[in-house]
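Okay, structure first, notes after.
The values are calculated or read from the model by the stated rules, or taken from the named source; none is laboratory data. A quick note: this is a predicted structure, and the numbers were derived from the prediction, not measured. No Cβ is skipped: glycine too gets one built from the backbone with ideal geometry, and neighbour counts run over all protein chains shown.
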Amino acid sequence: MSEFARPPRRAPRKKLKMPLFGNMGSGSSEGNTDWGVKNFSTLVFVVGTLGLLAQLFLPSLWSEKVYDSESEIKELRLDGALRKKYTDASDPNEIHYLLVIKQKDGTRRKIDLFDAKTNFFDQVAVPQRLYKETGSMDVRVTRFSKPDTLLRIEFLKN
């Protein structure tokens, strides 16, 4: 035999544990059980149910009010800047002209000009400020290169 000293035998490494599965398949029969292993199917059912409920209720809670009728727009007071201007043409028979206005107090107003003539939508641009009083359809538009312009929102008569 050789005269060299053998290093002492190292203790076996600990088995790796997965967070939910604990020591499934490790073969050790210790007394402690992980809570995720025993009730795993119940845990999957609860998480799945919460996910489905979130898909049902959260979109309606997070949606913002859309002002689309003539009476709602007439009673609306605007004093803010135009932040978004876009169209929704997912149905070619119904083209929605949408404006998102950020008020001075930080709230957002979303206006849908579906039943209105497109003159107003065509003449406003994103960095402009809009002022509108309650009960009127006249909107004062502040532009950078031109003096203030008074535009009128006109609705189509059905």
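Structural remarks
- Annotation for the range 89-101: no member residue is within 17 Å of residue 74 (Cα to Cα) and in contact (Cβ under 8 Å) with a residue 40 or more places away in the chain.
- Among the residues of the range 40-68, those that are closer than 30 Å to residue 114 by Cβ and surrounded by 13 or more Cβ atoms within 10 Å (Cβ to Cβ) comprise 66, 67, 68.
- Single unsatisfied condition, residue 75 versus (1) surrounded by 11 or more Cβ atoms within 10 Å (Cβ to Cβ); (2) more than 30 Å from residue 128 (Cβ to Cβ); (3) at pLDDT 90 or above: (2)
- Residue list for the range 122-139, restricted to those being without any contact (Cβ under 8 Å) to a residue 60 or more places away in the chain and surrounded by 15 or more Cβ atoms within 10 Å (Cβ to Cβ): 124, 128, 129, 130, 131, 132
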